[in-house]
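*Asks:* Please read through the structure below; I'll follow up with questions.
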Amino acid sequence: EAGVVQSPRYKIIEKKQPVAFWCNPISGHNTLYWYLQNLGQGPELLIRYENEEAVDDSQLPKDRFSAERLKGVDSTLKIQPAELGDSAVYLCASSLRRNSPLHFGNGTRLTVT
Amino acid sequence: DQQVKQNSPSLSVQEGRISILNCDYTNSMFDYFLWYKKYPAEGPTFLISISSIKDKNEDGRFTVFLNKSAKHLSLHIVPSQPGDSAVYFCAASNTDKLIFGTGTRLQVFP
């Protein structure tokens, strides 16, 4: 079984620039998550999708962050404009159903200069 | 307000001995608990889980214990191996929201 695929692995941008991250979940996993992980911290949920529907986006800073999951498969997370404090690892995960383990991708490390 | 806490940022254990990683939580509504392992530059990998209706779950060298009255869970690794050196995150779930602790870095030395 292929794992969760994320790209790019690393991204360096200047502040105020836009950036986008892409995620392809495990085939058949209807639930998709975007997490943010700061250095020395655990992952924190940004948004959760059930198929195409964003069912929990309460932690997503909607003034600059947006996400979409077209056709209920791949997902894109966008930041516009990026700020210095956005430097972190952005993790995508998918799961088969509620209370089944999340499978994470290797993440995208974003550095905003 | 940190609902899931891992108070030990690091742990060092000799190869072959037992590693015990601890986790405390504050929300009594959590009903599902998981442990993840993370190597550098990789995403967290699921290790083992336990439902709130159980107090122990075992998978090979890994055992998770849940003490609901104390709101405490622990991960035991026996025997510890150098390849177990990683950051371990505990996580707790309630109504589809999974909340992670801050992690404990385990180092297993020869």
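*Asks:* What's the carbon and sulfur percent of chain A's accessible surface, probe 1.4 angstrom, rounded to a whole number? Present the calculation step by step, with values, prior to reporting the outcome.
*Replies:* On the way: 2770 of 5770 Å².
Roughly 48 percent, rounded to a whole number.
*Asks:* Largest first and in whole Å, what are the equivalent-ellipsoid semi-axes of chain A based on the Cα gyration tensor, each being the root of 5 times an eigenvalue? Show your work: numbers first, answer last.
*Replies:* On the way: eigenvalues 101, 40, 32 Å².
The answer is 23, 14, 13 Å, longest axis first.
*Asks:* In addition: How many Lys pairs in the stretch B:20-110 lie less than 18 angstrom apart by Cα atoms, where the lysines are 8 or more positions apart or on different chains? Show your work: numbers first, answer last.
*Replies:* On the way: B:54/B:68; B:54/B:71; B:56/B:68; B:56/B:71; B:71/B:97.
Lysine pairs meeting both conditions in the stretch B:20-110 amount to 5.
*Asks:* Something else: Taking only protein heavy atoms and a 1.4 Å probe, what accessible area per residue, in Å², does chain A have with all protein chains in place? Write out the running numbers ahead of the final one.
*Replies:* Details: 5770 Å² over 113 residues.
That works out to 51 Å² per residue.
*Asks:* Which value does Rg/Rh take for the protein assembly as shown over its C-alpha atoms, Rh per Kirkwood?
*Replies:* On the way: Rg = 17.6 Å, Rh = 18.0 Å.
Result: Rg/Rh = 0.98.
*Asks:* Enter the accessible area per residue of the stretch B:2-110 (Å², integer; probe 1.4 Å; all protein chains in place).
*Replies:* Details: 5150 Å² over 109 residues.
The answer is 47 Å² per residue.
*Asks:* Probe radius 1.4 Å, ligands and nucleic acids left out: can you give me the accessible area buried at the B-A interface, summed over both chains, in Å² to the nearest hundred?
*Replies:* Numbers: alone 6120 and 6570 Å², together 11090 Å².
Chains B and A together bury approximately 1600 Å².
*Asks:* Ordered by residue, what ³J(HN,Hα) values in Hz, to whole numbers, does the stretch B:44-58 give under the Karplus form 6.51 cos²θ - 1.76 cosθ + 1.60, where θ = phi - 60° and Gly and Pro are x?
*Replies:* Going residue by residue, I get x, 10, 4, 10, 7, 9, 8, 8, 5, 7, 10, 10, 7, 9, 10 Hz, with x marking Gly and Pro.
*Asks:* Within the accessible area of chain B, what % is carbon and sulfur when the probe is 1.4 Å and the other protein chains stay in place? Spell out each step's value before the answer.
*Replies:* On the way: 2600 of 5320 Å².
Of the solvent-accessible surface of chain B, carbon and sulfur hold 49 percent.
*Asks:* Can you list residues whose amide H is under 5 Å from residue A:31's amide H, if they're 5+ apart or on another chain and H is modeled 1.01 Å from N?
*Replies:* Sorted by chain and number, the residues that satisfy this are A:51, A:95.
*Asks:* Given H placed on each backbone N at 1.01 Å, which residues far from residue B:48 in sequence or on other chains put an amide H within less than 5 Å of it?
*Replies:* Answer set, sorted by chain and number: B:35.
*Asks:* No solvent, one uniform scatterer per C-alpha: report log10 I(q)/I(0) for the stretch B:1-85 via the Debye equation at q = 0.11, 0.15, 0.18 1/Å, two decimals.
*Replies:* Reported log10 I(q)/I(0), two decimals: -0.31, -0.57, -0.82.
The values are calculated or read from the model by the stated rules, or taken from the named source; none is laboratory data. All values reported here derive from a predicted model rather than from experimental measurement. The accessibility values were calculated without ligands, DNA or RNA, using every heavy atom of the protein model including side chains. Shrake-Rupley method; radii C 1.70, N 1.55, O 1.52, S 1.80 Å.
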